[in-house]
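Notes follow the structure.
The values are calculated or read from the model by the stated rules, or taken from the named source; none is laboratory data. Computed from a prediction, not measured in an experiment: that's the story for all the values here. A quick note on method: Cβ atoms are made from the backbone with ideal geometry, for glycine too, and the neighbour counts reach across all protein chains shown. Calculation scope for accessible area: heavy atoms of the full protein, side chains included, ligands and nucleic acids excluded. Shrake-Rupley method; radii C 1.70, N 1.55, O 1.52, S 1.80 Å.
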Amino acid sequence: MAANTTQYLLDASRMPKHWYNIAADLPSPPPAVLHPGTLQPIGPADLAPLFPMELIMQEVSTEREIEIPEPVREVFKLWRPAPLFRAHRLEKALGTPAKIYYKYEGVSPAGSHKPNTAVPQAWFNAQAGVKKLTTETGAGQWGSSLSFAGNLFGLDVTVFQVRVSYDQKPYRRALMETYGARCIASPSNETAYGRAVLAGRPDHPGSLGIAISEAVEIAAQNDDTKYALGSVLNHVLMHQTIIGQEAMLQMEMAGDDPDVIVGCTGGGSNFAGIAFPFIGQQLRGGKKRRIVAVEPAACPSLTRGKYAYDFGDTAHMTPLTKMHTLGSTFTPPGFHAGGLRYHGMAPMVSHLKELGLLEATAYHQVACFEAGVLFARAEGIVPAPEANHAVKGAIVEALRCKAEGTAETILFNLCGHGHFDMAAYSNYFAGNLTDQSYSEEELAMALSGLPSVPA
Ligand SMILES: *Cc1c(COP(=O)(O)O)cnc(C)c1O
């Protein structure tokens, strides 16, 4: 027998008009961001070559609420408010007394949460008179989101895509080109840094760290060009809080309140998006919930990385931030959740972990695909490989509830659909997916290269 379908759909008039800035509610501020040369704290002016001033001010703001510009909200209406579902059929399949809810971000044009920040970033750049944006992309989610957003506001977008993904996922590239962007495999011959990497290893598979270096190099050298990042930075995480704010209203509609909130973490933005508004409520004296970050065992920055100052890129052009890191020269193995292959974690997420406000776990990719297939068969939506980590995390919690006989409420973020990732599912069904562990040796080597920063 089919179970009920319950969707909690917010009226457009209730779409949040502000982003939530968790910096306003922190018991202690995160460590300063340092200049890569002087090792002194940087100021807004240091970031001006790369970002427009409005975004820099958001990056350092401690205001609790920052207004979402009206033209940005107008674009958001294409897919927001995003639906929240009760996973009745998944609960039944698991035989759990837990109630499972998921917020679905795959309804955006790019199929993930990333347009939530791509649209405002493109808007603030266009307002500042910027003509061109450069960026990096792994699996292509961020590249296609920025291509979509840049096109809306008349910006030229150039995307450096990590070589392995460029080769494995030609359809994401076609999507970027459909939106009018240029997509280049990284490492490339278009930058001094890319040429240097290729000289050392002509068949280099690329990494997000290298692609960031290439995109930053071009933006730093051209006055009309700025750089856009799809995760990690404070303002990016803040733009994603529209997810959690909507989810809060929808959980109220459901007459429920989550005990556990689960999200997957690559750079930390969709996780922050669903979790920060709830953590903020707790910091202001509200309910304490368990907040669980799930990362891939093959790139485990939060669970196995070191909390230390590190660069955001491989060429060491970015400022130094304190974060959980595997080392900026770490090249993760080529597993299928491309969006989770970043060496570091958002400094704000790292800081919250240090404050004991969240937990982190890591799962291997085969177990995550198994969870994703179970979810698809129960709920119909095929999750992105990244999202499978959140699905896995939610299922583990639901099975714990079953074993304990507790009827907790679980909320997780289904951050994207997997329609561009069916080759990965084919590999899974053919039994060709293997669990890649990172190499301890390579990790030790990458960590030994961490910059030394006086305490
Ligand atoms: C990019 C991406 C991620 C990882 O990025 P976060 O900043 O950690 O959210 C996760 N899921 C999907 C679907 C993505 O596109």
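Packing order of peptides 392-401, 189-198, highest average first: 392-401, 189-198 (average count of other Cβ atoms within 10 Å over each peptide's residues). Here the accessible area is traced with a 1.4 Å probe on the protein chains. For region 257-312, carbon and sulfur cover 46 percent of it.
The share of accessible area on region 1-125 that comes from carbon and sulfur is 55 percent, using a 1.4 angstrom probe.
Most tightly packed first, judged by the mean number of other beta-carbon atoms within 10 Å of their residues, the peptides 254-260, 106-112 read 106-112, 254-260. The mean accessible area for residues of region 91-223, using a 1.4 Å probe and ignoring ligands and nucleic acids, is 34 Å² per residue. Taking amide hydrogens as placed 1.01 Å from N in the peptide plane, the amide H of Ser186 sits under 5 Å from those of Gln161, Val162, Arg163, each at least 5 positions away in sequence or on another chain. Quick one: helix 365-379 against the long Cα principal axis of the chain, what's the angle to the nearest 10°, folded into 0 to 90? Long axis of 365-379 versus the principal axis of the chain: about 50 degrees. Within region 65-118, the trypsin sites (Lys or Arg not before Pro) that combine a DSSP coil assignment with at most 15 other C-beta atoms in a 10 angstrom radius are Lys77.
Counting only protein heavy atoms and a 1.4 Å probe, region 252-349 has 25 square angstrom of accessible area per residue.
How big is Rg to Rh over region 390-455, alpha-carbon atoms, Rh as the Kirkwood inverse-mean-distance radius? Rounded to two decimals, Rg over Rh is 1.17. Ordered from longest to shortest, the equivalent ellipsoid semi-axes for region 281-399 are 26, 21, 10 Å, each the square root of 5 times a Cα gyration tensor eigenvalue. A viscosity of 1.306 mPa s and a temperature of 10 °C, combined with the Kirkwood radius over Cα pairs in Stokes-Einstein, give a translational diffusion coefficient for the chain of 73 µm²/s. If you wrap the Cα atoms of region 144-209 in a convex hull and average its projected area over all directions, you get 4.4 nm². Which of the three applies to region 317-357, rounded, prolate or oblate, going by the alpha-carbon gyration tensor with a ≥ b ≥ c and a/c under 1.5 meaning rounded? Oblate is the answer for region 317-357, as a/c is 1.5 or above yet b/c matches or exceeds a/b.
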